[in-house]
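First up is the structure itself, then whatever we jot down about it.
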Amino acid sequence: MYEREIVSKVIKRIKAGRKFIQVLAGPRQTGKTTIARQVMKSLNLPAHYVSADEPMLKNTTWLEEQWQAARIKTGKNRRKVLLVLDEIQKIPEWLETVKRLWDEDTALRIPLCVLILGSTPLLIQHGLSESLAGRFEVIYVMHWTFIEMHSAFGWDIDKYIFFGGYPGSAGLIKNFNRWSSYIKDSLIETTLSRDILLMTRVDKPALLRRLFEVGCLYSGQILSYQKIMGQLQDAGNTTTLAHYLELLNGAGLLTGLQKYAGRMHRRRASSPKFQVLNNALKTAQMNLSFKKARNNREIWGRLVESAVGAELYNSIKGSDIKLFYWAAGNYEVDFILQKGEEIVAIEVKSGRKKLNLSGMEKFSSQFRKVKKILVGDKGIPVEQFLKISPRDLF
């Protein structure tokens, strides 16, 4: 969802009433704080903004103090006030405190509108669904799309495929070493160390880091957990790897697409297809310049497929559309979109030689009523395809 659309959506919900806590959830540096400040500027309301990501130790007492400060602003006339809590998941036991304070406001009819921001969708969504059921609405703020990067920075499709969708890194791309250091130090390392390892119990942190590196290297490829374990040292068991992959997914770094199948248990048992959620996460670790990558047909082909997969995943987050891959023997379909009973099969022709054969006909013979889309050579140009909303493909 584009930034301006999210701002408009949040404003509309707040103006409609204070029935729900609004939550902006997404990876680091995707614009959540900017969106919140735009909402504050656009609304003709008193506002109180605080962040738990500041150096000083924050706890539930601090959270109660900030909530009370916002309450005071409502005044004797009980005017509506906006409270923005950024990086709130950094506060231990914040869920119970927010629930109690929100329920108090509801009982006393205090018109406090609450906007919560968080960098880790997995942690936030898990906690909200358990502790704040019926009290919140989530809006996902995912990695920037090609349209957003083109509109903001004038990027062409090749720059987007290589440098991905981090707006904060756009000014550094003329110096590859500086750009890659920024991605690795400010985004990858910060997300791993502060959003996962600091917030979640991980018994083998070195394994999680190595899994991320392997996943980036093999983005767009299907690997069984047994083969993944062969790439890792001290790999533990498949359950551990699946859990760590889920954590990386929740932090907006890497996911494992499931194989499309008619039955849910068969999907869960399938080998994952690695998919980075922003191509910058892959290219920053390649130690290969934009020019050299562009001139290497095999490498560029994988980057194209990875960019398409990332765009599809980020664009459907929080919607009723699901993303899969499909493979049978030597046949493969790059991406499968499912919306209810409707299915869209997407094949990306990126110019590289594929080991697996196109499985379009094979797939459509097994699953009826399939809409087939070819992206790339002799199909929809990649640039044009990335400007299409996945919902419009059905």
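The values are calculated or read from the model by the stated rules, or taken from the named source; none is laboratory data. Nothing here was measured: the structure is a model prediction, and the numbers come from that model. Here Cβ is always computed from backbone atoms with ideal geometry, including for glycine, and neighbour counts include all displayed protein chains.
Data table
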| read-out | value |
| --- | --- |
| Breaking point among (1) free of Cβ contacts under 8 Å to residues at least 40 places away in the same chain; (2) within 22 Å of S219 (Cβ to Cβ), for L337 | (1) |
| Long-range neighbours under 6 Å by Cβ, at least six apart or interchain, first residue at pLDDT 90 or above within segment 207-235, second part of a helix (DSSP H, G or I) and among the β-branched types (V, I, T) | none |
| Filtered residues of segment 267-302 (kept if under 15 Å from L245 (Cα atoms) and charged (D, E, K, R)) | R268, K273 |
| One residue from A293, A307, A242 being in contact with a Ser or Thr (Cβ under 9 Å, 6 or more places away or on another chain), small (G, A, S) and either more than 25 Å from F367 (Cα to Cα) or in a strand (DSSP E or B) (or both) | A293 |
| Residue, nearest to S306 (Cα to Cα), within segment 146-156, restricted to residues that are in contact with a helix residue (DSSP H, G or I) (Cβ under 6 Å, 6 or more places away or on another chain) and surrounded by 17 or more Cβ atoms within 10 Å (Cβ to Cβ) | F146 |
| Count - residues of segment 56-91 that are surrounded by 12 or more Cβ atoms within 10 Å (Cβ to Cβ) and in a loop (DSSP other than H, G, I, E, B) | 7 |
| Selection count where residues are in a helix (DSSP H, G or I) and at pLDDT below 95, scope segment 249-285 | 7 |
| One residue from T61, T33 being more than 29 Å from the chain's Cα centre (by Cα) and either on the phi < 0 side of the Ramachandran plot or free of Cβ contacts under 8 Å to residues at least 40 places away in the same chain (or both) | T61 |
| Filter result for the condition that a residue is closer than 16 Å to K259 by Cα, in the same structural domain as L223 (by TED's automatic domain parsing) and basic (K, R), over K362, K349, K371 | K362 |
| Residue match in segment 344-362 (condition: in a loop (DSSP other than H, G, I, E, B) and either at pLDDT 90 or above or among the acidic types (D, E) (or both)) | no |
| Tally, over segment 371-394, of residues that are among the aliphatic types (A, V, I, L, M), touching a strand residue (DSSP E or B) at 6+ places or on another chain (Cβ under 6 Å) and more than 16 Å from A310 (Cα to Cα) | 3 |
| Residue match in segment 228-248 (condition: surrounded by fewer than 18 Cβ atoms within 10 Å (Cβ to Cβ), in the same structural domain as M286 (by TED's automatic domain parsing) and under 30 Å from Y2 (Cβ atoms)) | yes |
| Scope segment 191-234; condition among the small types (G, A, S) and part of a helix (DSSP H, G or I); matching residues | S193, A206, G215, G230 |
| Helices (runs of 4 or more DSSP H) (entirely within segment 127-182) containing at least 1 residues that are touching a Ser or Thr at 6+ places or on another chain (Cβ under 6 Å) | 157-163, 176-182 |
| Matching residues in segment 74-112 - criterion: being hydrophobic (A, V, I, L, M, F, W, C) and modelled with pLDDT of 90 or more | V81, L82, L83, V84, L85, V98, L101, W102, A107, L108, I110, L112 |
| Qualifying residue in segment 286-295 (condition: at pLDDT below 90 and more than 24 Å from I173 (Cα to Cα)) | no |
| Pairs where the first residue, in segment 313-332, is at positive phi and loosely packed, with under 15 Cβ neighbours inside 10 Å and the second is in a strand (DSSP E or B) and not acidic (D, E), C-beta under 9 Å, 6+ apart | G329/L357 |
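Matching residues to (1) touching a His at 6+ places or on another chain (Cβ under 8 Å); (2) closer than 15 Å to V276 by Cβ; (3) basic (K, R); (4) assigned by TED's automatic domain parsing to the domain that holds V382:
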position: Y160; (1), (2), (3), (4): yes, yes, no, yes
position: F163; (1), (2), (3), (4): no, yes, no, yes
position: W179; (1), (2), (3), (4): no, no, no, yes
position: K184; (1), (2), (3), (4): no, yes, yes, yes
position: T191; (1), (2), (3), (4): no, yes, no, yes
position: R194; (1), (2), (3), (4): no, no, yes, yes
position: R201; (1), (2), (3), (4): no, no, yes, yes
